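Engineer: Have a look at this one.
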Amino acid sequence: MDVYQAIAARRDVRNEFSGEVIDDARLMRVLEAAHRAPSVGNSQPWDFVVVQDPDTLARFADHVAQCRDDFARSLPADRATTFRPINIEGIRTSGTGVVVTYDPTRGGPHILGRHTIDETGRLSVALAIENLWLAATDEGLGVGWVSFYREPYLRDLLAIPDPVTVVAWLCLGPVTELQEIPDLERFGWRSRRPLTDAVHRESFRPATDEFATDRESLPATVPAT
Ligand SMILES: Cc1cc2nc3c(=O)[nH]c(=O)nc-3n(C[C@H](O)[C@H](O)[C@H](O)COP(=O)(O)O)c2cc1C
């Protein structure tokens with residue numbers, strides 16, 4: 001797979017885990033890919049906690065189920081109906097959780113580049129996660145990012161010390177297939193925006209000025225060939 005193929009094939013996985021647990025060789029390869037990510041001041045502020053104890057997975061899954069219920073209750077009726085069939089995690093079925101953390105003290109007090117923008121530290125961790133995600137796709141593995149949790153609960157469950165914080169729980173495991181269309185799109189929750197809406201030129205003027213006008217007026221002004 002080249003990098004564009006991996007980017008196109010990557011999916012957030014909840015329902016397609018095969019039930020087989022990832023072998024250690026592939027686990028270490030995807031962690032190595034994560035660990036090669038760029039980071040502000042080369043601070044490498046991430047750590048990876050690999051969780052495979054069925055009891056810990058079950059406890060976390062129960063907590064996530066409660067958070068899912070809280071979210072469902074907060075929704076208006078139409079959104080609640082759309083949300084109901086959507087699975088938001090694969091904690092037990094993946095067999096492995098990789099909990100990715102951020103240590104703001106890594107590299108000492110003088111992090112080159114973070115002195116003006118503190119969030120570049122956590123952003124670096126997000127890049128490590130994307131590296132892991134793409135490498136996993138190449139390895140025939142699925143990744144599902146779970147953020148339906150209360151951080152204090154997870155810190156306590158995994159004995160994560162201050163001032164380290166949790167960035168993500170990633171479900172990681174072999175899959176039977178990867179969907180072509182994201183679950184949230186297939187279930188009608190939210191679709192992808194067109195690239196032309198996201199790209200601005202020279203300033204943050206609404207993209208409608210130059211791109212949407214092109215898109216919408218083309219059929220009327222350009223004769224079909
Ligand atoms: C920061 C972050 C948090 C996410 N949290 C969840 C989550 O708690 N549960 C879930 O099912 N998906 C979660 N996702 C996955 C997104 O729903 C998914 O990436 C998006 O719908 C696009 O689908 P795709 O990744 O398959 O392209 C999360 C993704 C990101 C980047």
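Engineer: So between Val50 and Thr116, what do we pick up on full extension, going 0.36 nm a residue minus the alpha carbon distance?
Structural biologist: Numbers: separation 66, 0.36 × 66 = 23.76 nm, distance 3.26 nm.
Using 0.36 nm per residue and subtracting the Cα-Cα distance, I get 20.5 nm.
Engineer: Moving on. Per-residue HN-Hα couplings for segment 58-75, Karplus 6.51 cos²θ - 1.76 cosθ + 1.60 at θ = phi - 60°, whole Hz, x for Gly and Pro?
Structural biologist: Working through the residues one at a time gives 5, 5, 5, 4, 5, 4, 5, 4, 5, 5, 5, 4, 4, 5, 4, 5, 7, 8 Hz.
Engineer: Residues with amide H under 5 Å of Val167's amide H, sequence separation 5 or more or different chain, H placed in the peptide plane at 1.01 Å from N; which?
Structural biologist: Val100, Thr101, Tyr102
Engineer: Relative to the longest principal axis of the C-alpha atoms of the chain, give the angle of the C-alpha long axis of helix 24-35, reported between 0 and 90° and rounded to the nearest 10°.
Structural biologist: That works out to roughly 60 degrees.
Engineer: Tell me, what ³J(HN,Hα) does each residue in segment 46-54 have, in order and in whole Hz, if you take phi through Karplus 6.51 cos²θ - 1.76 cosθ + 1.60 with θ = phi - 60° and put x for Gly and Pro?
Structural biologist: Karplus-based 3J(HN,Hα) across segment 46-54 equals 8, 9, 10, 9, 8, 10, 10, 5, x Hz.
Engineer: Right, something else. Using only Cα atoms and rounding to the nearest 10 degrees, what angle (0 to 90) does helix 211-221 make with the longest principal axis of the chain?
Structural biologist: 30
Engineer: Got a sec to turn the phi values of segment 162-179 into Karplus ³J(HN,Hα) couplings, 6.51 cos²θ - 1.76 cosθ + 1.60 with θ = phi - 60°, whole Hz, x for Gly and Pro?
Structural biologist: The phi angles translate into 5, x, 5, 10, 8, 9, 7, 9, 10, 7, 9, x, x, 10, 7, 6, 10, 5 Hz.
Engineer: Pick from Ile86, Ile117, Ile160 the residue whose mean-square fluctuation is largest in a GNM of the chain, springs joining Cα atoms under 10 Å.
Structural biologist: Fluctuation is largest for Ile117.
Engineer: Sort the following peptides by mean Cβ neighbour count (other Cβ atoms within 10 Å, averaged over residues), highest first: 143-153, 16-26.
Structural biologist: 143-153, 16-26
Engineer: Gaussian network model of the chain, Cα springs within a sub-10 Å range: biggest mean-square fluctuation belongs to which of His35, His200, His115?
Structural biologist: In the Gaussian network model the winner is His200.
Engineer: Further question: Return the long-range amide H neighbours of Ser18 (sequence gap of 5 or more, or a different chain), with a cut-off of under 5 Å between placed amide H atoms.
Structural biologist: It is Val175, Thr176, by chain and number.
Only the coordinates and a few stated rules stand behind these numbers; no lab work does. What you are looking at is a predicted structure, and each value in this text was computed from that prediction instead of being measured. Here the Cβ is made from the backbone with ideal geometry for all residues, glycine too, and neighbour counts use every protein chain on show.
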